[in-house]
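One structure below.
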Amino acid sequence: MKNYRSIIFRIMVMSILSTVPVFAAHAEDEVPGTVLITGANRGIGFEFVQQYAGLGWNVIATCRNPDGSDELNLLADANKNITVEQLDLLDHAGIDALAAQYANQPIDILINNAGLMRGPEKGQLIGSIDYDEFILFYRINVMGPLKVSEAFYPNVKKSDLKIMAALTTGKGDKGIPVPGFSLYKTSKAALDSVQKEIAIRWQRQGIKVVTLLPGRVLTHGEKPNPTMPDIAIDKSINGMIHVMATLQMEQSGQTIQWDGELIE
């Protein structure tokens, strides 16, 4: 039954991808909504900013070091609907301060994209784990997104769409099928679990929670591998935007791939 539902949902999303623009068309002076994106200065986060801004959304683009994010700042200078803000996943007080700054702003979609990704490396290899790094990975990849979700919960609750998303890796808890990524893989598996807890906790408030699987997007200098097909970043982000646009309450707490496949 689960596989049947997964196939039906995937067909529905892929149909939308090929025939319908993201969200309904809006008048020139009407804004579709507001999205907050963490880790917005590069890679997947930056592509999310570009695509949502192009769709006319108000974009709150956060990153750890705005002053050093030249490409993001240039994009914001050219788009009045993009605001760049400082946010460090290790700085919980700073996260609370930014949430207080936006206390009256509904946020339709919160995208927890920022995270720590490294490997393969000896400190992530079973038998030689670097436990200081273990703590750092979990503080950034698990505690950080959870803190962002808690801090901006009131903003999402008062919005129209009420979506909280976070990005994961691999096929659910299967992760990356090579050694040397243990801290990264397990921290993302923990984030997947946290997302399910958020979905349970705030279901009655109408908040839809989704963990997004972007596919193998080459944003960290990875080399193409014929046994692990990659996907163009613009296609991946476009697909994830459509997944969020069609997300239903009954899918809350699930992991969904960029093309609409439900990951069990």
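About its Cα centre, the dipole of the range 33-263 is roughly 560 debye, where the only charges are +1 on Lys and Arg Cβ and -1 on Asp and Glu Cβ.
Quick one: Cα convex hull volume of the range 33-263, Å³ per residue?
Here the figure is 122 Å³ per residue.
Which values, in whole Å and largest first, are the semi-axes of the equivalent ellipsoid of the range 125-188 obtained as the square root of 5 times each eigenvalue of the Cα gyration tensor?
30, 15, 5
Net length available on complete extension from residue 117 to residue 81 is 10.0 nm, with 0.36 nm assigned per residue and the Cα-Cα distance removed. Between the amide H of residue 254 and those of 211, distances stay under 5 Å, these residues lying 5 or more places away or on another chain, with hydrogens modeled in the peptide plane.
Read-outs: derived from the displayed coordinates by stated rules, not from any lab. None of the values given here were measured: they were computed from a predicted structure. Because the Cβ atoms are built from the backbone with ideal geometry, glycine has one as well, and the counts that use them run over all protein chains shown.
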